[in-house]
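Working notes, beginning with the structure itself.
The values are calculated or read from the model by the stated rules, or taken from the named source; none is laboratory data. Keep in mind that what you see is a predicted model, and the values were worked out from it rather than measured. Cβ placement follows ideal geometry from the backbone for every residue including glycine, while neighbour counts extend to all protein chains displayed.
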Amino acid sequence: MTHVVIDGRAIGRVIELEIAEQVADFIQNNGRAPCLAAVLVGDDPASAVYVKNKHLACERVGIESKLHRLAGSTSEEELLDLIAMLNDDPAISGILVQLPLPSQIRSTYVLDAVHPLKDVDCFHPENVGLLTQGRPRYLPCTPHGCLQILHRTGLSVAGKHVAIVGRSDIVGRPLATLLSQKDSHLSPEICNATVTLLHSRSKNLAAMTREADVLIAAIGKPKFVTADMVKPGAIVIDVGINRLPEGLCGDVDFDSVAPISSYITPVPKGVGPLTITMLLQNTLAAARAQIGL
Ligand code: NDP
């Protein structure tokens, strides 16, 4: 079967150009750029790379970014003090707390402390609630990246069976919410799916993924999804990022699954680049929201 390998990086570049134009307009109208404050605690090398990539992406579209780097021994109280300061600073549009945090800090407690209008990751309960009710303030970045990939490739999920493997609060669960909603801000084709949300306790997982017109893997297990788990002609979106000695790989066994799929995202250069692009979009939206736009 012929299949299309979706180029997430190219889609991300197109959206970045659109955001850059909107940022230029914002600066012209308001005299200052949106600003993202990134908070990095400790020296996890992968987190440092993510934060650096977010900083570079901000630069590309004209968004300012400020890095707050704290020692791995930082206490929860110290981190909360910093969050409170950033919440109160009118020059800061969005706050990004890079996860994971060191074990002495309760992540939920810290994420809940971010002001909902500055919560560009869409982790705050108020923003999750609004999302669940179908009136989102911000969209969570990775799920939004998946929606953009489908939309910008001209694909439809409306009325189709979408199976999502993985039910995390960051990826699988919000993605299931968004794809099953009645309306979408993007297009009527990117909602109204019939969604099956699968996880580690699901029975007969492969039988259910084989029924899916669209299969989304967000598990964190290298090459977990193999060809025998995929319906021929399915659209396959691989959210997984796994570091192996030979390099990055996704949750989908690309070499065996690609030939039976109709569309598939690779790892790297699939969903990953879109996640950062959507963070930029939320930072601009946050800057607007804070001046009542
Ligand atoms: P989590 O570890 O939070 O969640 C993993 C989910 O997969 C859980 O719901 C878990 O089930 C489920 N799972 C684990 N093992 C199995 C199994 N054998 N069968 C069925 N389900 C299983 O991961 P995240 O959602 O945060 O991330 C998932 C992947 O996506 C990771 O590789 C991560 O690196 C990547 N990622 C990529 C991003 C990007 O920018 N592209 C952004 C965020 C994440 P249960 O709930 O029962 O434990």
Failed item in (1) under 18 Å from residue 46 (Cα atoms); (2) more than 19 Å from the chain's Cα centre (by Cα); (3) touching a residue at least 24 places away in the same chain (Cβ under 8 Å), with residue 110 passing the rest: (1)
Qualifying residues in segment 169-184 (those that are out of contact with any strand residue (DSSP E or B) (no Cβ under 6 Å at 6 or more places or on another chain) and closer than 17 Å to residue 153 by Cβ) - the one farthest from the ligand (Cβ to nearest atom): 184
Count of residues meeting criterion [more than 10 Å from the ligand (Cβ to nearest atom), under 22 Å from residue 11 (Cβ atoms) and of a type in the set (Ser, Thr, Tyr)] in segment 242-278: 4
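Confirm whether residue 118 is more than 16 Å from the ligand (Cβ to nearest atom), closer than 28 Å to residue 202 by Cβ and of a type in the set (Lys, Arg).
Working: more than 16 Å from the ligand (Cβ to nearest atom): yes; closer than 28 Å to residue 202 by Cβ: no; of a type in the set (Lys, Arg): yes.
No.
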Only listed residue being in contact with a Ser or Thr (Cβ under 9 Å, 6 or more places away or on another chain), outside any strand (DSSP E or B) and either free of Cβ contacts under 8 Å to residues at least 60 places away in the same chain or not assigned by TED's automatic domain parsing to the domain that holds residue 39 (or both), chosen from 168, 156, 103: 156
Hits in segment 106-139 (condition: among the β-branched types (Val, Ile, Thr) and outside any loop (DSSP other than H, G, I, E, B)): 108, 110, 128, 132
